[in-house]
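Remarks on the structure that follows.
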Amino acid sequence: MVEPLLALRGLTKRFGGLTATDGVTLDIAPGEIHALIGPNGAGKTTLIHQISGALPPDDGSVTFGGREITQLAMHERVAAGLVRSFQVTNIFQRFSVLDNVALAVQAGSGSSMAFWRPAAREAKLFREAHALLARIGLADKAASTAATLAHGEQRQLEVGLALATRPTLLLLDEPLAGMGPEESERMVQLIAGLARTCTILLVEHDMQAVFRLATRISVLVSGRIIASGAPDDVRRDNEVRRAYLGDEVPSAAA
């Protein structure tokens, strides 16, 4: 049996009288795209915060690559290979697209954090940044100011910033949020390509995208995992249909 890359055991977070995550136990296998779905308020983002280190759990543990990381800070988890993107785009709006990625590459490489002058001198750093831009489909936007990018392109750039840290596990928190059909399709293709080099935990409300991309799906409702398995199994699960999917779940042929 393959050891999980990420193992959550009894993960619980309370805010006063509200239990946002309630004893969540979940395994993420190496190489999979694992989708976490559920209604608004189910606790998905709180769970991602606990996995990434943004929020400490009240109970339970997080193990990554066989090492317990429950007490590690977010930057320590990033250094270990566990990296996340955010629901709200988080980029340097005034910098060029290339400079955004170059700074992320520099930070991820452990090179000098006195950004401006060292980054301008490191040819290897910029070669890697250009390669990343090609990978995320923004090579032709390298010289553009990040603020001038369309919404979908800014989300692509944010994924590029996460990739610059060389993640083993990439947490994508609603990467398709606010996108039109063409932008969504580009992001779906990007995520599918990323799965060749890293494991992905995907939080997303677009069920068409989820059922196209995911190798496994877990359903979180009221802070608890109510189902976890292959997409076809989740699609047929009566409890999942009642609690979340209803009649809007894509058919197997979609």
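Remarks
- Selection from segment 46-78 of residues that are part of a helix (DSSP H, G or I) and touching a helix residue (DSSP H, G or I) at 6+ places or on another chain (Cβ under 9 Å): Ile51, Ser52, Met74, Arg77, Val78
- Residues located in segment 183-200, provided they are touching a residue at least 12 places away in the same chain (Cβ under 8 Å) and part of a loop (DSSP other than H, G, I, E, B): Ala195, Cys198
- Meets criteria (hydroxyl-bearing (Ser, Thr, Tyr) and at pLDDT 95 or above) for Thr197: no
- Total residues in segment 201-243, condition open to solvent by 40 Å² or more (accessible area, probe 1.4 Å) and either in contact (Cβ under 8 Å) with a residue 60 or more places away in the chain or touching a Gly at 6+ places or on another chain (Cβ under 6 Å) (or both): 8
- Any chance Pro4 is within 19 Å of Thr215 (Cβ to Cβ), within 18 Å of the chain's Cα centre (by Cα) and surrounded by fewer than 17 Cβ atoms within 10 Å (Cβ to Cβ): no
- Checked against the criteria, Leu169 counts as at pLDDT 95 or above and under 12 Å from the mean Cα position of the chain (by Cα).
- Only residues that are within 18 Å of Leu220 (Cα to Cα) and either buried (at least 22 other Cβ atoms within 10 Å of the Cβ) or aromatic (Phe, Trp, Tyr) (or both) were counted in segment 58-70, giving 1.
- Inter-residue pairs, beta-carbon under 7 Å, first within 14 Å of Lys44 (Cβ to Cβ) and basic (Lys, Arg) and in segment 1-25, second modelled with pLDDT of 95 or more and in a strand (DSSP E or B), 6+ apart: Lys13/Ala20; Lys13/Thr21
- In segment 8-32, the residues that are open to solvent by less than 10 Å² (accessible area, probe 1.4 Å) and farther than 19 Å from Ala54 by Cβ: none
- Of residues in segment 73-90 being at pLDDT below 85 and among the hydrophobic types (A, V, I, L, M, F, W, C), the one nearest to Leu149 (Cα to Cα): Val88
- Restricting segment 123-148 to residues that are of a type in the set (Lys, Arg) and more than 16 Å from Phe92 (Cβ to Cβ), the residue that is nearest to the chain's Cα centre (by Cα): Arg135
Yes or no, residue by residue, for (1) modelled with pLDDT under 95; (2) closer than 17 Å to Gly81 by Cα; (3) of a type in the set (A, V, I, L, M):
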| site | (1), (2), (3) |
| --- | --- |
| Gly10 | no, no, no |
| Lys13 | no, no, no |
| Gly16 | yes, no, no |
| Val24 | no, no, yes |
| Ile33 | no, yes, yes |
| Pro39 | yes, no, no |
| Gln50 | no, yes, no |
| Leu55 | no, no, yes |
| Gly60 | no, no, no |
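- Subset of segment 175-200 (residues that are of a type in the set (S, T, N, Q), open to solvent by 40 Å² or more (accessible area, probe 1.4 Å) and closer than 14 Å to Glu153 by Cα): Gln189
The values are calculated or read from the model by the stated rules, or taken from the named source; none is laboratory data. If you're wondering where the values come from, they're calculated on a predicted model, not measured in any experiment. Methodologically, a virtual Cβ is constructed for each residue, glycine included, from the backbone with ideal geometry; neighbour enumeration extends over all protein chains shown. Side chains included, ligands, DNA and RNA excluded: accessible areas come from the protein's heavy atoms. Shrake-Rupley method; radii C 1.70, N 1.55, O 1.52, S 1.80 Å.
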